[in-house]
Amino acid sequence: MEKLINWEEFEQVDLRVGTILEVEDFPKAKKPAYQLLVDFGPVIGTRKSSAQITVHYSKQELIGKQVVAVINFPKKQIANFMSECLVTGFEDQNGDIILTAVDKLVPNGSKLK
């Protein structure tokens, strides 16, 4: 079991819904990945992210998909790309990532409650 946290610690993680606007191949990444541009609404705006999701998702099917991301991590350089948020997901039985998503349309920038 992981370390237990309290409610205040959980509230520090800013998880928001955003819609993927653009998807590009990321050939300079160590592991196969895409470069994503995600829209988090008018207050937060767009953020870039690198995601190792090439096994389960084509670029075309990602466009318009709503995903859940952490938006308050510091920026992280991955090869020649600056990631500005962390798109979340779960590993399947092979360790490949399945995105965390919502099952109904919600406004971009909505915060996980």
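A short reminder: the numbers here are calculations on the coordinates, not readings from a lab. These numbers come from a predicted model, not from an experiment. When we count neighbours, we look across all protein chains shown, and the Cβ atoms used for this are built from the backbone with ideal geometry, even at glycine.
Some points to look at:
- For segment 8-99, the relative contact order comes to 28 percent (Cα pairs under 8 Å, sequence separation of at least 6).
- Nonlocal amide H pairs with Ile53, under 5 Å, H built at 1.01 Å: Tyr34
- Gyration tensor (alpha-carbon) shape descriptor, segment 21-84, a/c threshold 1.5: oblate
- Under a 5 Å amide H cut-off, with hydrogens placed 1.01 Å from N, Ser110 pairs with Val17 among residues at least 5 apart or on other chains.
- Anchor Lys104: aspartates and glutamates whose Cα lies under 19 Å away (excluding residues fewer than 8 positions away in-chain): Asp39, Glu61
- Taken one residue at a time, the phi angles of segment 22-35 give Karplus couplings (6.51, -1.76, 1.60, θ = phi - 60°) of 9, 9, 10, 4, 10, x, 7, 5, 5, 10, x, 7, 10, 9 Hz. Gly and Pro are set to x.
- Going from the fewest other Cβ atoms within 10 Å to the most, the residues Met1, Met82 appear in the order Met1, Met82.
- In the set [x] 39, 36, 28; [y] 31, 28, 22; [z] 38, 31, 28, the label that goes with Cα extents along the principal axes in Å computed for this structure is [x].
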